[in-house]
Amino acid sequence: MKNKLLTVIATVILSVAFTLCSFAVVNTEKSDIADGITDPVCDILKYKLASAGAKDVDGWVTGELSLGAGVSSEWYVLALSQSGYRDFSAYTQALEKYISDREINSAVTRQKYALVLLSAGGDKKLAEELARDTAGKQGIMSLIYGLHLYINGIDAGMDVSQLTEKILELQSGDGGWSLSGKSGDPDVTAMVLESLAILSDRGEKTDDSIARGVEFLASLMLEDCDYKSYGVANAESTAQVICALSSLGIDPMKDLRFIKDGKTLFDGLKKYRIGSGGFSHIEGGEENDTATVQVMLAYISYLRFLGGESPIYLLDLPRGVSSAVELIHTEKTENEETTSAIDTPEEKTEEKISYKVWLCGAVAVIAVIIAVIFLITGKRNKKNFIFVFCIAVISVLLILFTDIKTKDSYYSDVGGTKEVVGQVTVSINCSAANGIVSTEYIPSDGVILGNTVVDICDGDTVYDALITATKKHGIHLESSGGDGMKYISGINYLYEFDCGDLSGWMYYVNGESPSVGCDSYKSSDGDIIEWIYSLDLGRS
């Protein structure tokens, strides 16, 4: 009797403890060979945890990344997954709900969600549904992602031969690839090479194209060992090249084509690193989330290469390299105060941790008590103990989810610390799409947002004003590109190319269409900013 009692108590306690510990980050010693690579990854993670107000990676995943599912979290999730982290249940649940709640027409967006769902252990059937017939529907990017998906067991509408042939046909005379035009672009070229790298038997024609692509990248490397795209040297382009070379089995630390005066591509990235641990798009710029996550992917891609692992877009669990996530120390350090959560009072953070610990402890105690009662009363059927275990686990998960922001609290977070210097009027209209795209998100009159006045601060751009307006009114927004090159890919789930090859979002200020990106045009007091969905690049 005593032995059985101790066994049941130990089983329940260990089960609950295991559930809690699955949300903890384990410390490991750094591998000597990866010393200079893991440090930046750790710094990026520490910065992201601090800015999210999370104590560990688990808190980041269940909190900010789950909250941003479908909007801003996807590449961070893939980076974590390919560095060895595994518990994405909260995120996949949030992403699957995000997808089920709306109609997603953009082929590339659907492919991105499918790829990330696979990496995070989400619903494979949903991934298959998202990817169906998307390959080639949105230019070269839909071919690249289509190939990634095919290699990972998802049919996007073309087989590997068709995808490879289409991609090779788009190679420019200079050896590179681009979104448009006759000259190659380092970003797109690197992304193509990443997709071709995961083919086991590429064939002579493919191998020749890959070799030309690598030479093209080598020829474009700048004196500082970084890369320029659209005329601007930036971190993202450099990171993509590192990903491509690592995926192809080319060591960017040793290949002389990518070394100048003893410096490597990793030295090229250092100029974009900022004190917080993040990375800027351009040298001397502010922290940029797109740059930061792209650099994180580059470092993890190289770590996988060092450990003899597969390319980063071949979704499998790393074996030879210790998870970069495990290198984050969770215990307090002397300088923890200076790296504490941004915009999150320490008292509130401690309060959240405190009540969770108490509630989880209470669940464990109750579970043990119920198990003891079953033993005393003779109700020793295994089903009773399984039921207790399941209820305990579900209760713990519910407790851990209690601090996730609601949709309303997220969208209402539009304040700031800068001084307001004026106001602008923002409106969003998609009447041109009426009758072409059938979706509940297109209003009958096409007005997504009527004339709305928002505050602007010194230095705010048209892009800043749009973010403020959409967050204030709970309107979906997706953007792409780095600093100075932002463009809006989707508003209210209406995306570029949904109504044809020339369709997409354009902006007007005081009736004129500026010739610069929306994040380069500075707003002025009294400006009237109109976002219009056009079918022909605003020609009519």
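Read-outs throughout are calculated quantities, based only on the coordinates presented, and are distinct from any laboratory measurement. These numbers were taken from a predicted model, which means no experiment stands behind them. Quick reminder, even Gly has a Cβ in these numbers, built from the backbone with ideal geometry, and neighbours come from all protein chains shown.
Proximity of backbone amide H atoms, modeled 1.01 Å from N, is registered between residue 447 and 430 at under 5 Å, excluding neighbours fewer than 5 places apart on the same chain.
For the range 98-114, the Karplus equation 6.51 cos²θ - 1.76 cosθ + 1.60, evaluated at θ = phi - 60°, returns couplings of 4, 5, 5, 7, 8, 9, 10, 9, 5, 4, 5, 5, 4, 5, 4, 4, 4 Hz by residue, with Gly and Pro reported as x.
As a rough footprinting exposure proxy, the listed residues 430, 390 were ranked by other beta carbons within 10 Å of their own, and the order from fewest upward is 390, 430.
Legend: ranking of residues 295, 509 from fewest to most surrounding C-beta atoms inside 10 Å; resulting order 509, 295.
For residue 422, the residues whose modelled amide H falls within less than 5 Å of its own, excluding neighbours fewer than 5 places apart on the same chain, are 456.
As a footprinting exposure proxy, order 140, 456 by other Cβ within 10 Å, with the fewest listed first.
Neighbour counts put them in this order, fewest first: 140, 456.
Between residue 477 and 492, the built amide H atoms are under 5 Å apart, and every one of these is 5 or more places off in sequence or on another chain. By the Stokes-Einstein formula, at 0.890 mPa s and 25 °C, the range 429-536 with its Kirkwood radius over alpha-carbon pairs has D equal to 173 µm²/s. For the residue pairs 137/228; 228/271; 137/182, the C-alpha atoms sit more than 24 angstrom apart in 137/228. Sequence-ordered 3J(HN,Hα) estimates for the range 77-94 from the Karplus curve with 6.51, -1.76 and 1.60 and θ = phi - 60° stand at 5, 4, 4, 4, 4, 7, 9, x, 6, 10, 8, 10, 4, 5, 5, 5, 4, 5 Hz, glycine and proline given as x.
Phi angles across the range 513-530 convert, under the Karplus curve 6.51 cos²θ - 1.76 cosθ + 1.60 with θ = phi - 60°, into 3J(HN,Hα) values of 9, x, 9, 10, x, 5, 8, 10, 8, 6, 7, 10, 4, x, 4, 10, 10, 10 Hz, Gly and Pro given as x.
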